Each structure stands twice: as structure tokens, then as C-alpha cells.
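Heads up, the thing below is written out as C-alpha cells.
The values are calculated or read from the model by the stated rules, or taken from the named source; none is laboratory data. In this text the structure is predicted, and so the values were computed from the model without any measurement. Here Cβ is always computed from backbone atoms with ideal geometry, including for glycine, and neighbour counts include all displayed protein chains. Quick note on the areas: whole protein, heavy atoms, side chains included, nothing else; ligands and nucleic acids left out. Shrake-Rupley method; radii C 1.70, N 1.55, O 1.52, S 1.80 Å.
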Amino acid sequence: MREVADDPDQLPAGRIVGPPPGATGADWLDWRQRGIGASEAAAVLGLSSWGSPWTVWLAKTGQTSPRMPSRAMKWGSRLEAAIVDAFGEETGAEVTHRQAWVEWRTRPELRATLDGIATRDGTRGVLEVKTTNGRDGAWDDGVPVSVQLQVQHQMIVTGLPVAWVACLSGGQDFAEYELEADSAVQSAMAEIELRFWREHVRRMEPPPVDSSEPTGLALRAFYPEARAGSVDLPTEAASVIEELQEVKDQIRAAKAREVALDNLLMGWLGEHDTGTLGGRPAVTWRPTVTRRVDLNALRKELPDVAERYTLESRSRTLRLVGKRQWRDSDGG
């Protein structure tokens, strides 16, 4: 893809390559697929709550479908133009190049789709727009780490010295934050991202499995079915199995202790709904009403209806075989 020729502003380190006239969402996905975008940087670095190196690898190697936008993401897109306008009004900044596709000249595998480039008090910088529900506490201490990494990636790609993050919280609270380029962070990020692209995406070699929840979800989705047969595990699997068994034993012991402590408190409370310490409420035991369909009765009285609305789900369950069995098998 060629650099956009009529761009009046030359970026210090990047080139604007799109969107070309008539570009579609499919064109953008195709371009994005051929590099690492800013929103994927935190996942590649293992510092994202929604993704991991493994999930990005699956996506970049075409082994999973593009992530479908959630309701929150859709509303964020719908509100983006209004937030950009609000940022301009609140700060006096001029915003150009909305939704520009930018590639790093040094290594075009690193790329970004910008919400805009803002000029404020004579300084040009990246503008990133965010929305949040204001209830999850993610922004209580300022810009979340994943977003900080996102805009540092954008500053790598563009070479711009500053980024502004405009955030609309709860649909009514507007705040804007300024983040400066950090050369040490950017150097480390670029090295990790480019190594990931070179050693894993280009070579079709999966990255190491990590301990993140997104990786676990991706593994379950990528390997939904099991086929008969066995595979020889690496030698370090023995210590992994030992540790997992210990963790499961600890969880069982903790659950048993939880039941014992629950019972003790319920015995003390008796028919009272609140227990106090020093005159202050410390524990409550109150009724909870739960409504659910009696599936057994429904299947008995209206079997056709029950069958019609029964959803079948399949999943694989990881279970440990008795320790003595595998220990004896290798002479341990």
C-alpha cells in the first residue's frame, strides 16, 4: 500500500497509508492483519486483560476469526466523533487525520489506526478516544496500563512526542490525559513486538503458553474436540502435574474450611439476620429468592417443548489421572 500522497503533514517516524478512497471494513481488517496494531500491543506484552500473546498469534496467523465488537465497543465507535469534537472544544486543539492508517517507516509491521492527530498549543500529538462505564474502577487511578502501552505504540509508529487520551465515563463525565513519549518503554516494546512477529507469526510457531485467562479461553476454543490417542508430555510436565495436584488439594481444604466457618457463623446467628461486633454489623444471613425453571417437570409434562429449547454445549475437561498410576509407569 502506498503512502497517501496528499497528506500535508509529514509524520516524524511514520507514513500515512490509508484509508484509501472507497476503503471498506474488510480492507481495514486485511491491512491490520499484516502487522501489530496499537490495541494489540498490551496483549503481545502480556499486560492485557482481554488478550495475550497466544490470542494475538492465533489471530495473526489466521487461525481464529477477527474479534467481533461487543456492545460497549460498538457504542464507543458511535460516540467517537462526539468525543473528538468535545476534546477540540475543551482544549482548543485542532484534530485532523481521523481514523488514519499509519505504518512505522523503520519496520512497517508495527502500525496503528489513529483516532486523530491533535495540534495543541503548537505541539502535535496522537489523540486516542476511550469510553468507560465508570463502574469497574479501571480508570480510578488514571489511564490504565493497557491504554498507556497502546498510545506508546502509537507514538512509536508516528514519532510524535505526546499523546492525549480523551475519555467519556458513564456517558457524561469527560476527562483528558496527557502522556509523553517514553523512549525506554518504547525501545523495549518495539523489541518485544518485532521479536514476536519475527519468531512466532512469520514462522507460524506459537508463543509459550502463559497463565492468563485469555490464553486459557483461546486454547479451549482452538482445541474444542478431542481425538483418541496419547501424546508424550515433556519431562517438566511431572512437576506441573505435581503442583496442580497440590493446588487442587489446597482448594479442597480451603472449601472444607469455608463450609466449617459458614456453619459456625450460621449457628451463632440462628434466626437473626445480622451479627454484630462491638455494635457494628459484621455478617448477615438473609433470605434470597431464586426463580428457575423446573426442567425435570417440564420434560415430564411438555417433552417436545423442553427438547425444542434445550441447548447442547460441548467442552473438554482437564482431569488429573491418579498420581500413583503415572509415577509407577516411569519407575518413579
Original post:
Restricting the range 25-63 to residues that are in a helix (DSSP H, G or I) and among the hydroxyl-bearing types (S, T, Y), which is nearest to E199 (Cα to Cα)?
Top reply: T55
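Are any of the residues in the range 170-184 more than 21 Å from the chain's Cα centre (by Cα), within 23 Å of R111 (Cβ to Cβ) and without any contact (Cβ under 8 Å) to a residue 12 or more places away in the chain?
The answer is yes, given that some residue of the range 170-184 is more than 21 Å from the chain's Cα centre (by Cα), within 23 Å of R111 (Cβ to Cβ) and without any contact (Cβ under 8 Å) to a residue 12 or more places away in the chain.
For the range 111-124, check the following and say yes or no: at least one residue is touching a residue at least 60 places away in the same chain (Cβ under 8 Å) and either β-branched (V, I, T) or outside any strand (DSSP E or B) (or both). Spell out how you get there, then give the answer.
Let us first name the residues in the range 111-124 that are touching a residue at least 60 places away in the same chain (Cβ under 8 Å), namely 111-113, 117, 124.
This time we only want the ones that are either β-branched (V, I, T) or outside any strand (DSSP E or B) (or both), so: 113, 117.
Checked the range 111-124: at least one residue is touching a residue at least 60 places away in the same chain (Cβ under 8 Å) and either β-branched (V, I, T) or outside any strand (DSSP E or B) (or both).
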Original post:
Could you say which residue among R227, R202 is charged (D, E, K, R) and modelled with pLDDT of 90 or more?
Top reply: R202
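When you check P208 against the structure, is it more than 30 Å from V151 (Cβ to Cβ) and open to solvent by 50 Å² or more (accessible area, probe 1.4 Å), yes or no? Show your work before the answer.
Details: more than 30 Å from V151 (Cβ to Cβ): no; open to solvent by 50 Å² or more (accessible area, probe 1.4 Å): yes.
Answer is no for this residue.
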Subject >> Sole exception among (1) assigned to a helix (DSSP H, G or I); (2) surrounded by 20 or more Cβ atoms within 10 Å (Cβ to Cβ); (3) not aromatic (F, W, Y) for A81, by number >> reply: (2)
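Regarding V157, is this residue surrounded by 13 or more Cβ atoms within 10 Å (Cβ to Cβ) and either touching a strand residue (DSSP E or B) at 6+ places or on another chain (Cβ under 6 Å) or modelled with pLDDT of 95 or more (or both)?
yes
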**OP:** Tell me, yes or no, whether the range 184-205 has at least one residue that is touching a Phe, Trp or Tyr at 6+ places or on another chain (Cβ under 7 Å) and open to solvent by less than 70 Å² (accessible area, probe 1.4 Å).
**Re:** yes
**OP:** Return the residue satisfying two criteria in turn: it lies in the range 119-141 and is β-branched (V, I, T) and under 25 Å from P12 (Cα atoms), and of such residues it is surrounded by the fewest Cβ atoms within 10 Å (Cβ to Cβ).
**Re:** T123
**OP:** For the range 211-221, name all the residues that are in contact (Cβ under 8 Å) with a residue 24 or more places away in the chain and open to solvent by less than 60 Å² (accessible area, probe 1.4 Å).
**Re:** S212, P214, T215, A218, L219
**OP:** Answer yes if at least one residue in the range 142-153 is open to solvent by 20 Å² or more (accessible area, probe 1.4 Å), touching a Ser or Thr at 6+ places or on another chain (Cβ under 8 Å), assigned to a helix (DSSP H, G or I) and hydroxyl-bearing (S, T, Y), and no otherwise.
**Re:** yes
**OP:** Only residues that are surrounded by 12 or more Cβ atoms within 10 Å (Cβ to Cβ) and farther than 21 Å from T96 by Cα: list them for the range 15-30, please.
**Re:** D27, D30
Original post:
Within the range 52-104, can you find the residues that are modelled with pLDDT of 90 or more and either under 15 Å from P214 (Cα atoms) or among the acidic types (D, E) (or both)?
Top reply: S52, P53, W54, T55, V56, W57, L58, A59, E94, E103
